[in-house]
Amino acid sequence: MTIDRRQHEEHVRSCLDAGADVALMDEFRWFLRYRPETQRPGGRHFLFVGMNPSNAVRFAQCADGGDPTTGLVRDFLSQLEQPGYRDAAGIAGPVAGATLINLIPLVQGTSGKVRERWAALPGDDREWALALTLDLAKEFIAGADVTVAMWGSGGGWKTPPARAFRELFAAHPERTVLAARNGGGTPMHIKQYSALPWKGAPLEPFPFKDAR
């Protein structure tokens, strides 16, 4: 499959300019956005960075066009707004909105299929996709009060995009970037089947010293 880079770039820009909640074209999902219907004073904007998209077309619960990850993040945002939320990171309070992007923007279902499809892309297409994703990240991080890295393990084929994002975050120390720590020093993905979003691991400044 030949990627029409210009068409993708124009589509992404038109979605941004129109304030769209999703930029989805062919097998690429470039971003998802969530904005509460009611805006409360002092609300924070969040940016979440995952590894690769699932099948969500809305930043919502599964029944409303989302997927497990978007549903868990929405639950987390709701928890932040609840009185008495245990907030070691100092980010509790009203939520003005959230954006979700991914290191590798391919929609392929499983991690194995993403790896196969990513490897099948010509190297210059992989470089282009990562560059466009980084450009989006720079734009979104500039408008985010809090960025949460949550792409899970970052070794092997995931290393180049994970490294690029760590370098991006390190270049913007003025921004609040947080993550929960995996045992291997990578940013933990938000967890299913747990009463706490990251199994109780605290969100702490990212990049970690030993991040991969």
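Structure values in brief
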{"item": "Heavy-atom accessible surface of the chain: percent carbon and sulfur, 1.4 Å", "result": "49"}
{"item": "Accessible area in square angstrom per residue, the stretch 128-212, 1.4 angstrom probe", "result": "46"}
{"item": "Eligible lysines near LYS199 by straight Cα distance, threshold 19 Å, same-chain separation 8 or greater", "result": "LYS191"}
{"item": "Evaluated over the stretch 35-115, the Cα radius of gyration and Dmax, each in Å", "result": "14.0, 43"}
{"item": "Taking only Cα atoms of the stretch 26-66, radius of gyration then Dmax in Å", "result": "12.3, 38"}
{"item": "Globularity index of the stretch 88-145, i.e. its alpha-carbon radius of gyration over 2.2 N^0.38 Å", "result": "1.48"}
{"item": "Cα-based Rg / Dmax (Å) for the stretch 150-212", "result": "11.7, 35"}
{"item": "Whole-percent pair-distance distribution, where bins are 10 Å wide, for the alpha carbons of the chain", "result": "8, 36, 39, 15, 2, 0"}
{"item": "Per residue, in Å², the accessible surface of the stretch 23-67 once ligands and nucleic acids are set aside, probe 1.4 Å", "result": "48"}
{"item": "Sequence of GLU127, GLU27, GLU9 from largest to smallest accessible area, 1.4 Å probe", "result": "GLU127, GLU9, GLU27"}
{"item": "Residue order for GLU81, GLU167 - accessible surface, 1.4 angstrom probe, largest first", "result": "GLU167, GLU81"}
{"item": "Sites ALA18 and ASP125, calculated FRET efficiency, Cβ-Cβ separation with R0 30 Å, nearest 0.05", "result": "0.70"}
{"item": "Projected-area average for the stretch 58-161 over all orientations - Cα convex hull basis, square nanometres", "result": "7.9"}
{"item": "Highest-MSF residue in the chain out of LYS138, LYS113, LYS191 [GNM, Cα springs under 10 Å]", "result": "LYS113"}
{"item": "Dipole magnitude of the stretch 1-124 about its Cα centre (Cβ charges: Lys, Arg +1; Asp, Glu -1), debye to nearest 20", "result": "220"}
{"item": "Net dipole in debye of the chain [+1 Lys, Arg Cβ; -1 Asp, Glu Cβ; about Cα centre; nearest 20]", "result": "620"}
{"item": "Ellipticity estimate at 222 nm from DSSP helix runs (n ≥ 4, -39,500 (n - 2.57)) divided over the chain, nearest 500", "result": "-10500 deg cm²/dmol"}
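The values are calculated or read from the model by the stated rules, or taken from the named source; none is laboratory data. From a predicted model like this one, the values you see are computed outputs, not experimental measurements. Because the Cβ atoms are built from the backbone with ideal geometry, glycine has one as well, and the counts that use them run over all protein chains shown. Surface areas here come from the heavy atoms of the whole protein model, side chains and all, with no ligands, DNA or RNA. Shrake-Rupley method; radii C 1.70, N 1.55, O 1.52, S 1.80 Å.
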